[in-house]
Amino acid sequence: MPLPKPPATRAAILPTTAYDTQAAPKTRRASAKAAPAQAEEPHPALELRSDTADLPAARQSGGLPVKAPSRAKPPAPAAATPAPQAKARKPRSTGPAKLFVLDTNVLMHDPMSIFRFDEHDIYLPMITLEELDGHKKGMSEVARNVRQVSRELDALAAEGGPDSQEGVPLAKTGHKEAGGKLFFQTTFLDVSLPAGLPQGKADNQILGVVQSLRERHPKREVVLVSKDINMRVKARALGLAAEDYFNDKTLEDGDLLYTGVLQLPADFWERHGKTMESWSQAGHTYYRITGPLVPALMVNQFVYLEAPGEAPLYARVTEITGKTAVLKTLRDYASSKNAVWGVTARNREQNFALNLLMDPEVDFITLTGTAGTGKTLMTLAAALSQVMEDRRYSEVIVTRVTVPVGEDIGFLPGNEEEKMGPWMGALDDNLEVLARSDSSAGEWGRAATNDLVRSKIKIKSLNFMRGRTFMNKFVLIDEAQNLTPKQMKTLITRAGPGTKIVCLGNLAQIDTPYLTEGSSGLTYVVDRFKGWPHSGHVTLARGERSRLADFASDVL
């Protein structure tokens, strides 16, 4: 088609405001139809320059009518583009910020708790600081937490000054997630508690502070935060708001914990078979799948499909790339020819666990389950097999938390290993089972094997783990449900090159005070390590100890 004729006259220059108007979002057509009278007015973008007197006469008599408004000032030069500012954090709640009064046990449990209340304010009674001062001495975990709290409070007090009635911003020391302020009790508060409560007790003084603050700030919600159940009960009996400290919980419900095992749907082959690729390598079959199941998978997660009349599928997810996943079939440790130090898998989950324990590419493993599911026996068998036969690791290091179920028996004589002896009854029982499985050797042969095995197993205490580095070791952490997240971090960071760490525990048997299923260190690491290519987790569901133990675990 022919091109249009070139313009005969020179175009006029639009003002800067015209570009801003054109860049603005267009109005809806419905609104334009509703107001036709406004549409007849000329759009500001079509207005020409007002300084038409300076233009030649030929340009003034052009085809378009020239509107002559009042002379405008020439546009200022464009300023430099300002740097983009950080987006303000949106508060999670509406209304005035709450005022949380922290009990001493909250600070002793989590030394960073003052920074975990979002945009809300924190109030520390003076009696709380006095109690912290009484627990700062010693080498226990509580004493270390108290000293860390004292350092954090000292840094905040140095920044803002505790005598300020405006409060100290919690974000001043670099904790940007804390948007509230910290208030210290600097004046005497009139306490009016019932006459039946002793006035000198620390808990009652904190309750009095909460009640006085609620009277002073009627428009704000004053909440007591305490790990002490009786303290919360007394507060609610007095009509005061009280809550537990929930921020240390990894999961609200223990049933939501990652199990490491996923059952495939019955129509798996029909929905994924058309686009599936398969190949064999080193005795394993690999399947590359695409479909709706891939987003629900994680690396090193076990999948299985058991259908009547068909061969079962047991596989592990080895790779996830975009919308595709690679499944690798497992080695059958239920067969006697694949026995590990004489131990074979008795159920599906035990087979999954042994595949993880015997894989040199998996550095960190967590096994959970009820009593009698075979956690310690399988781990110890895999450790001895890889230390004594494969020479993959130099020795086995066994440790556990020394938290008694009942009353403490007092100080124990001997060196470190002898002191840990009474806590290692489970280790002795499993070693006895593993030694008895060798029926070919006589009594003298089993005794010699037992001595050799004992020489390769070192029992260590958690109290002396700080600063150590384990190189080429198989580390077994038993009763890991009694560890806090901080203790778990201390242990896992001891791993050097070529070290495998296995954490065993039963989340239903927590003996450490103030720890629950949601706040246990074992729950913490299971949730944080899921999906990492060099870690794996299996929840063992079926007990194999004895019919008596299985029945007691179900009904008691």
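The values are calculated or read from the model by the stated rules, or taken from the named source; none is laboratory data. If you're wondering where the values come from, they're calculated on a predicted model, not measured in any experiment. Note that each Cβ is placed from the backbone with ideal geometry, even for glycine, and that neighbours are counted across all protein chains shown. When the accessible area is computed, the model is the full protein with side chains, heavy atoms only, and any ligands, DNA or RNA have been set aside. Shrake-Rupley method; radii C 1.70, N 1.55, O 1.52, S 1.80 Å.
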(message) Which entries of LYS337/LYS473; LYS473/LYS500; LYS98/LYS486; LYS98/LYS234 have Cα-Cα distances beyond 18 Å here?
(response) LYS337/LYS473; LYS98/LYS486; LYS98/LYS234
(request) Give the whole-number value, in cubic angstrom per residue, of the convex hull volume spanned by the C-alpha atoms of segment 504-556. (result) 108 Å³
(request) Find the all-direction average of the projected area of the Cα convex hull for segment 350-398, expressing the result in square nanometres with one decimal place. (result) 3.5 nm²
(request) Please work out the Cα convex hull volume for segment 450-538 and give it in Å³ per residue. (result) 128 Å³
(request) Tell me, rounded to the nearest percent, the portion of alpha carbon pairs in segment 237-332 spaced more than 21 Å apart. (result) 45 percent
(request) Starting from the coordinates of the alpha-carbon atoms of segment 250-404, obtain the Kirkwood hydrodynamic radius over all distinct pairs and give the value in Å to one decimal. (result) 17.4 Å
(request) For segment 178-334, report the accessible area per residue in Å² (1.4 Å probe, heavy atoms, rounded to an integer). (result) 55 Å²
(message) Just to confirm the filter: which GluC sites (Glu not before Pro) across segment 287-330 are DSSP coil and have at most 16 other Cβ within 10 angstrom of their Cβ?
(response) GLU306, GLU310
